[in-house]
Amino acid sequence: MPDSLMAITATGTESRAPRRRWRGPRWSFVVLVCCLLLAGALVSRGTELVSRHASPYAALDAYTAAVTAGDRSSLDAVIADGARRQALVDRHAEQPMTPTTVSMQMMESAAWWTIEIRYELPGQQSYLEHLLVHPRDDSLDRPIDYVVEPAP
């Protein structure tokens, strides 16, 4: 029966219509997910929702990591602009130190913190450093960004 709608199995193979590779709803879902991920990345980058030092603890962690590495650019990023800024950067740049004791205490304002860091270097006397951690002054349009500054 050559005009029959039944599949011919005499040779052991069946002929089927080729399947479409991308079906409409599945392809649309993939495109939608990609667009949402891209839009989310652009919005978070544009509004800077992810701040590098979004808390005093994060700023302290960034500072101690920069001091441990002795990395000048990292120190520049986390230390606030001020009169004693350069002396603090020069003290730690290219001279890695490992903090042994770190204590942090909140000041009268919940946004300002005092920090005391002790460094113990082999063969030298221990070194004590007093710092302040406070919100960055120039971050009016962003979420609060904290910086480290030498204490008076």
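Can you find, within the range 118-137, the residue that is modelled with the highest pLDDT among those that are closer than 13 Å to GLY82 by Cα and assigned to a loop (DSSP other than H, G, I, E, B)? Within the range 118-137, the match that is modelled with the highest pLDDT is ARG136. Here PRO96 fulfils each of the conditions (1) exposed (fewer than 14 other Cβ atoms within 10 Å of the Cβ); (2) under 22 Å from ASP145 (Cα atoms); (3) modelled with pLDDT under 85; (4) not aromatic (Phe, Trp, Tyr) apart from (2).
Which residues, counting only those in the range 117-127, are within 19 Å of TYR57 (Cα to Cα) and open to solvent by 70 Å² or more (accessible area, probe 1.4 Å)?
Quick first cut of the range 117-127, residues within 19 Å of TYR57 (Cα to Cα) only: 117-119.
Answer for the range 117-127, where residues must be within 19 Å of TYR57 (Cα to Cα) and open to solvent by 70 Å² or more (accessible area, probe 1.4 Å): just ARG118.
The values are calculated or read from the model by the stated rules, or taken from the named source; none is laboratory data. Values in this document were obtained by computation on a predicted structure and should not be read as measured data. Glycine gets a Cβ as well: all are built from the backbone with ideal geometry, and neighbour counts include every protein chain shown. Calculation scope for accessible area: heavy atoms of the full protein, side chains included, ligands and nucleic acids excluded. Shrake-Rupley method; radii C 1.70, N 1.55, O 1.52, S 1.80 Å.
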